[in-house]
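> Sharing a structure with you now.
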Amino acid sequence: MHELKDILSLILPAFFISLSLILIHVYFGTKIFERGVIFADIAIAQSAFLGSSIAFLLFDNPSKELTYLFGVLSSVLFGLLISSQMKREVVFKEGFIGVIYALTSSLSIIVLSKLGRESEHIRYMLTGNILFVSWEDVIKASLIYLVIGILHIIFKMKKESFVSEFFFFSTFGLVVSSSVSLAGVLLVFSYLIVPVLTSKLLFSPRYTLLSSYLIALISTIIGFTLSVVNDLPTAPTVISVCILFFFIALFIDSIKNLKKKKQKLSS
Amino acid sequence: MRKQKKIASLAKIVLLNQVLLFLFSILGKSVGEAKKIKVVSPICTFADIAKNIGGDRVDVINLSDGLNDPHFVEPKPSMIIHMINAEVVIPIGLRLDMWFFSLIEKSANPKIFEGSSGFIRTYEGVRILEVPEYKIGQPRIGDIHPEGNPHYWLSPDNAKIIAMNITKKLSEIYPEEKGYFMKNAEIFIGKIDEAEEDLKKEFSRFEGVKAIQYHKTFTYFADFFKIKIVGELEPYPGIPPTPSHISQLAEKMKKERVEIIIYEPFRNKKDVERLSKITSATPTELYADCVPQINELKDYISLIRYNIRKIMMSIEGKRK
Ligand SMILES: [Zn+2]
């Protein structure tokens, strides 16, 4: 039974970081959803990633803190850009954010093409190396998320002033820069958006936050279990389970709609 | 309702089965092989060498093989478990297998930390090629070979040095088995000598053939068998080919009459084919590491033989 203890000891930090990722990201996900700019998630995550890769380009073996700083600077900058356009109509906002995403992605690819030696670090940042997370990482990240969570509770601002939007997107950048370097762009994006979408399909708006938390938690537990039992890469497994739930919800929702249509037709 | 229940209980049984199977597989392992020395290697080649030397005293596991790029391996939970239980590790070093070092760190197993008795410095005594000169602290654009070319095991001469390094270290940790390890090393090195001589003889009429490689993987191999490497598809190690680099390379290849393009199975074949079309050099897929489940590539000596024969076939097809 010695080995089972080993597995737990190595999986636990990864599991706890997932829990705190869920707490903060699902919250941000619902807020983003309210603003009707879902793509802002991945655009900001991608700009954080771009910033960190630039740190690797400019410095020889940059420290974790320096990489984080560059991620924050870049995501706050792009967050500022996005928040400056939030007053416009939804179609324009979505288009604008799409443009930002395309821009940050292409710039990242260009930077990556110049970074042979460090490209393994960078690759881990994209796909996530959540298994290598240490307890120290867990504590640091959770503290950042806690502070930002409290700030959000204190400054519960009314929507749609430039200041409130800037506050929202810059704190979002702070969170995402830290989480991207720990868990990778893909997992971060999944936590932000997939549980919210799933819950929107199944539950009434009143329960969005609560049910999104539950969905994220359950997919994480199942994902971790499958990863350990079947020896699969952890983050991609969690992501797949999360998305599987989304498709199940989509299926249920389609059947519901079909029934409604039939009822309408018969009456 | 009943059907749903049935499905639910079926799902439960399946899950339970999986968990039980998993537990048994762990328990079974620790009971059956209690006394063997646990060795973990990043690649198949080092595992093969360690098996040849350790014989039935060792239980060797390789985490990657010739089908994968040893620079980048996706970590899985089982790999950390192997590290936690390892008594000896045989890393490649020279910053090739950073993922393997991350696994060592994550395992928190002091037996295998760098500098501990269970950590083998595999390339000690190997003459490392292409060690770059640069100023310390300056950012270096590109280059995943910052300490020189780390693909040293593909020269049979270096494989003998690696074998001796492993023998020395295993004998230090388990002095009571020293005689056994030494005898095995002698037999293994004898086998390499034999294969080396045969292959050199077979290949002698092709010596001096010119080749392009995708990545600097086969530099030591080419050095040993007198194949002249004229350039690489990658402008710098680890940096994907750019259009301008490929067109420059094509010019050079035509001028120098390069006959083959060598690359590993996980490289971008489209780049290779495009270059081959412009220059009429033959694409020749080689392996940089053995693959246990493929018979022709099952161990290190098979691997070297496979590569040499593949090259000969390519050139013969071309010169006809
Ligand atoms: Zn290499």
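The values are calculated or read from the model by the stated rules, or taken from the named source; none is laboratory data. Given the structure is predicted, the values throughout are model-derived calculations rather than measurements. With ideal geometry, Cβ positions are generated from the backbone for all residues, glycine too; neighbour counts draw on all protein chains shown. For the accessible areas, the whole protein counts, side chains as well, though only heavy atoms, and no ligand, DNA or RNA atoms are used. Shrake-Rupley method; radii C 1.70, N 1.55, O 1.52, S 1.80 Å.
> I'd like the residue in region B:192-223 that is open to solvent by less than 20 Å² (accessible area, probe 1.4 Å) and more than 16 Å from the ligand (Cβ to nearest atom) and, out of all such residues, is farthest from residue B:282 (Cα to Cα).
It comes out as B:192.
> Criterion first (among the hydrophobic types (A, V, I, L, M, F, W, C) and surrounded by fewer than 19 Cβ atoms within 10 Å (Cβ to Cβ)) does residue B:173 satisfy it?
So residue B:173 passes the test.
> Any idea how many residues of region B:178-198 are free of Cβ contacts under 8 Å to residues at least 40 places away in the same chain, acidic (Asp, Glu) and within 15 Å of residue B:161 (Cβ to Cβ)?
Residues in region B:178-198 being free of Cβ contacts under 8 Å to residues at least 40 places away in the same chain, acidic (Asp, Glu) and within 15 Å of residue B:161 (Cβ to Cβ): 2 in total.
> Now for a different question. Quick one: would you say residue A:255 is closer than 27 Å to residue B:77 by Cα, open to solvent by 10 Å² or more (accessible area, probe 1.4 Å) and not charged (D, E, K, R)?
Considered against the rule, which asks whether it is closer than 27 Å to residue B:77 by Cα, open to solvent by 10 Å² or more (accessible area, probe 1.4 Å) and not charged (D, E, K, R), residue A:255 comes out as no.
> Same structure again: Suppose we keep only residues that are touching a Pro at 6+ places or on another chain (Cβ under 9 Å) and assigned to a loop (DSSP other than H, G, I, E, B) within region B:238-272. Which one would you say is surrounded by the most Cβ atoms within 10 Å (Cβ to Cβ)?
Looking at the filtered set, the residue picked out is B:241.
> Can you find even one residue in region B:226-235 that is β-branched (Val, Ile, Thr), within 16 Å of the ligand (Cβ to nearest atom) and under 22 Å from residue B:151 (Cβ atoms)?
Yes - at least one qualifying residue is present in region B:226-235.
> Yes or no: region B:99-119 includes at least one residue that is outside any helix (DSSP H, G or I), open to solvent by less than 10 Å² (accessible area, probe 1.4 Å) and under 26 Å from residue B:285 (Cβ atoms).
no
> Only one of (1) more than 14 Å from chain B (Cβ to nearest Cβ); (2) over 13 Å from residue A:174 (Cα atoms); (3) not in a loop (DSSP other than H, G, I, E, B) is not met by residue A:8, so which one is it?
Failed condition: (1).
> Out of everything in region A:62-92 that is aliphatic (A, V, I, L, M) and closer than 16 Å to residue A:38 by Cβ, what residue ends up being most open to solvent (accessible area, probe 1.4 Å)?
A:91
> Right, here's the next one. Just name the residue that is farthest from the chain's Cα centre (by Cα) out of those in region B:288-320 that are farther than 13 Å from residue B:65 by Cβ and of a type in the set (A, V, I, L, M).
Of everything passing the filter in region B:288-320, B:315 is farthest from the chain's Cα centre (by Cα).
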